[in-house]
Amino acid sequence: NSGAREVLTIKVLGGSGRKTANIGDVIVCTVKNATPGGVVKKGDVVKAVIVRTKSGVRRNDGSYIKFDE
């Protein structure tokens with residue numbers, strides 16, 4: 001919705017020294033590629049929520065949720 005196509009993660013928020021982010025985590029990132037006429041521009045530093053990851057999310061019952069494209 002913001003117009004950002006590609007971002008680069010700067011920091012994973014929450015906790016001290018977190019290295020990875022999972023679905024639902026908030027990250028600080030910079031916009032590397034944006035759509036023309038979008039709200040954000042290239043080089044803007046923004047906060048974002050992880051909604052999709054390459055690896056699936058494991059649930060307590062042993063099943064995985066994964067998005068296919």
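The values are calculated or read from the model by the stated rules, or taken from the named source; none is laboratory data. Nothing here was measured: the structure is a model prediction, and the numbers come from that model. Here Cβ is always computed from backbone atoms with ideal geometry, including for glycine, and neighbour counts include all displayed protein chains.
Before moving on, here are some points about what is shown:
- All positions within region 17-44 that are of a type in the set (A, V, I, L, M, F, W, C), surrounded by 13 or more Cβ atoms within 10 Å (Cβ to Cβ) and at pLDDT 90 or above: Ala21, Val26, Ile27, Val28, Cys29, Val31, Ala34, Val40
- Residues that are farther than 15 Å from Asn1 by Cα, of a type in the set (Lys, Arg) and surrounded by 10 or more Cβ atoms within 10 Å (Cβ to Cβ), drawn from region 45-69: Arg58, Lys66
- Any pair with Cβ under 7 angstrom, 6 or more apart, that starts in region 49-69 at a residue that is hydroxyl-bearing (Ser, Thr, Tyr) and ends at one that is surrounded by 10 or more Cβ atoms within 10 Å (Cβ to Cβ): Thr53/Asn22; Thr53/Ile23; Tyr64/Gly56; Tyr64/Val57; Tyr64/Arg58
- Restricting region 44-66 to residues that are part of a loop (DSSP other than H, G, I, E, B) and β-branched (Val, Ile, Thr), the residue that is farthest from Leu13 (Cα to Cα): Thr53
- Selection count where residues are of a type in the set (D, E, K, R) and assigned to a strand (DSSP E or B), scope region 11-43: 2
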